[in-house]
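What follows is a set of notes on a single structure, which appears directly below.
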Amino acid sequence: MTPPVCTLASNPTSYPSFSAYVRTRGTVLMRTARSLTANPCDAEDLLQTALAKTYVAWDRIEDHRALDGYVRRTLVNTRTSQWRKRKVDEFVCDELPEAEGAPSSDPAEAQALRDAMWRAVTRLPDRQRAMVVLRYYEDLSEVQTAELLGVSVGTVKSAVSRALGKLREDPELTPVR
């Protein structure tokens, strides 16, 4: 039989004063642990961890009148360590952030689509191409595009509409089904 790793764990009654301390001060310490966490179960775990650390250090604690301060400091330090090591939680929500069945985009396919789109834009007549580039590549408003090109807003709207129609019909941009 191999000896236990922690020799104190093999004899739980090594420190009867520790057991008495936990029995008398447990409620107060639990209140402190509860104030450090949002969840009662987490508070119990935190207190249990702090008491385990205190138990291991019981021999080294010289002034047993200051035990509450020692345990409180252990609670705070343990909670701080837990907070620093915390993992990002996932929360259940009603709506998924990404569309269902949306395939992950392949960077090569995305680049090929951008290239095809640019080739299609370059095939547009000059005036339509200028308006599409200003509206969708430079992100200007219809009014800004009209002012920049010296035309009316209605002209921008109709020219962009015709250009988008041509782009929708472009065989290079038509999705394969």
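The values are calculated or read from the model by the stated rules, or taken from the named source; none is laboratory data. Remember, it's a predicted structure, so these values are computed and weren't measured experimentally. When we count neighbours, we look across all protein chains shown, and the Cβ atoms used for this are built from the backbone with ideal geometry, even at glycine. Note: areas computed on protein heavy atoms with side chains; ligands, DNA, RNA excluded. Shrake-Rupley method; radii C 1.70, N 1.55, O 1.52, S 1.80 Å.
Quick one: in region 50-76, of everything that is in contact with a Lys or Arg (Cβ under 9 Å, 6 or more places away or on another chain) and at pLDDT 90 or above, which residue is farthest from residue 18 (Cα to Cα)? I'd like the intermediate steps shown before the answer.
First, pick out the residues of region 50-76 that are in contact with a Lys or Arg (Cβ under 9 Å, 6 or more places away or on another chain): 50, 67-68, 71, 74.
In the following step, the residues that additionally are at pLDDT 90 or above were identified as 50, 71, 74.
Numbers: 50: 13, 71: 12, 74: 15 Å.
Ranking the candidates gives 74 first.
Taking region 45-71 as the region of interest, how many residues are open to solvent by 90 Å² or more (accessible area, probe 1.4 Å) and more than 18 Å from residue 24 (Cβ to Cβ)?
From region 45-71, those open to solvent by 90 Å² or more (accessible area, probe 1.4 Å) are 48, 53, 59-60, 62, 65; that's our starting set.
Then drop every residue that is not more than 18 Å from residue 24 (Cβ to Cβ), which leaves 53, 59-60, 62.
Here the count works out to 4.
Looking only at region 123-146, decide whether some residue is over 30 Å from residue 43 (Cβ atoms), in a loop (DSSP other than H, G, I, E, B), modelled with pLDDT under 80 and open to solvent by 100 Å² or more (accessible area, probe 1.4 Å).
So in region 123-146, the residues over 30 Å from residue 43 (Cβ atoms) come out as 123-146.
Now drop any that are not in a loop (DSSP other than H, G, I, E, B), which leaves 123-125, 138-141.
Add one more test, that the residue is modelled with pLDDT under 80, and what stays is none.
For region 123-146, residues over 30 Å from residue 43 (Cβ atoms), in a loop (DSSP other than H, G, I, E, B), modelled with pLDDT under 80 and open to solvent by 100 Å² or more (accessible area, probe 1.4 Å): absent.
Looking only at region 116-138, count how many residues are under 13 Å from residue 164 (Cα atoms) and touching a residue at least 40 places away in the same chain (Cβ under 8 Å).
5
So, in region 92-122, exactly how many residues are modelled with pLDDT of 80 or more, among the aliphatic types (A, V, I, L, M) and open to solvent by less than 100 Å² (accessible area, probe 1.4 Å)?
So the answer is 7.
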